[in-house]
Amino acid sequence: MKQKELEQKLLNRLNGNQEKYSKYTNLLSTCTKPYDVALKVVKPMFIEGLVSKDDISKKDYYGTLAKLVELLNKHRIAPTSLYYHIITNISKWKEEKNEAQNNEPFRQETRIKHNQDGSMEIFNYLYLKEVPDNVAELLKPYIELGYAEVKKKLQRNFNARGESEVMEIGCSAWLMPDVILTLKETSGDMTVNFKSHYIRQEQITLDEALGIVDSEDEEQEDL
């Protein structure tokens, strides 16, 4: 089959979405091994819902990807090897896909707050065993204004021990540095779980969390 025909098959699978087509053909051009194709292309396409569990185990799908790699960058990918990388990892990818789908409403509805004036607040989150008094005092006026919230929540794998009840501190990104610095006044060596709109980190130091906040703030200023 000619390269244009293979590219058209991929484009059709992506419902004619040129942006995603460019993304995945660029990724395919960087692949040199079957594992590369499985990790860089098959996995994200599956998690995005672009291909089903049945699709990715069919030769018409993985064979097309293998042949495109050879045409794009002259590296031969054995379709059979790619197939075994797929079926070996599909259960793990399915779990990741389910987790991503379960977290989607939270990311879209809770971590971004739309204000009445049309502005938007991106919320960052810390998970602690308890909220120190000085942090609670800092947050009190901001909670009333809608810039922060504190509530109990079951956090999976918190401290690597299944589900634990923790305190979730959520606040606007611009307020998070003050929260972290106030926490440091109480316990500078504690570790926390941190989530923003862009990243999720478990068991990091307060300095590491502050570094993430500062880095994301700089990225927003550059936009």
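A short reminder: the numbers here are calculations on the coordinates, not readings from a lab. Computed from a predicted model, the values in this text were never measured in an experiment. Note that we place each Cβ from the backbone using ideal geometry, even for glycine, and neighbour counts take in every protein chain shown.
Using the Cβ atoms and a cut-off under 10 Å, what net charge is assigned to the surroundings of Gln3, where Lys and Arg are +1 and Asp and Glu are -1?
Net local charge, Gln3 excluded: 0.
Between Lys184 and Leu39, what is the FRET efficiency for a Förster distance of 41 Å, r being their Cβ-Cβ separation, to the nearest 0.05?
After rounding, the FRET efficiency stands at 0.60.
For the pairs Lys40/Lys94; Lys152/Lys195; Lys2/Lys58; Lys23/Lys53, note any where the Cα-Cα span goes beyond 18 Å.
Too far apart for the 18 Å limit: Lys2/Lys58; Lys23/Lys53.
Please report the base-10 log of the normalised intensity I(q)/I(0) for region 3-103, using a Debye sum with one equal scatterer per alpha carbon and no solvent, at each q in 0.24 (1/Å).
-1.38
Can you figure out the FRET efficiency of Asp207 with Leu154, using R₀ = 22 Å and their beta-carbon distance, to the nearest 0.05?
FRET efficiency, Asp207 to Leu154: 0.20.
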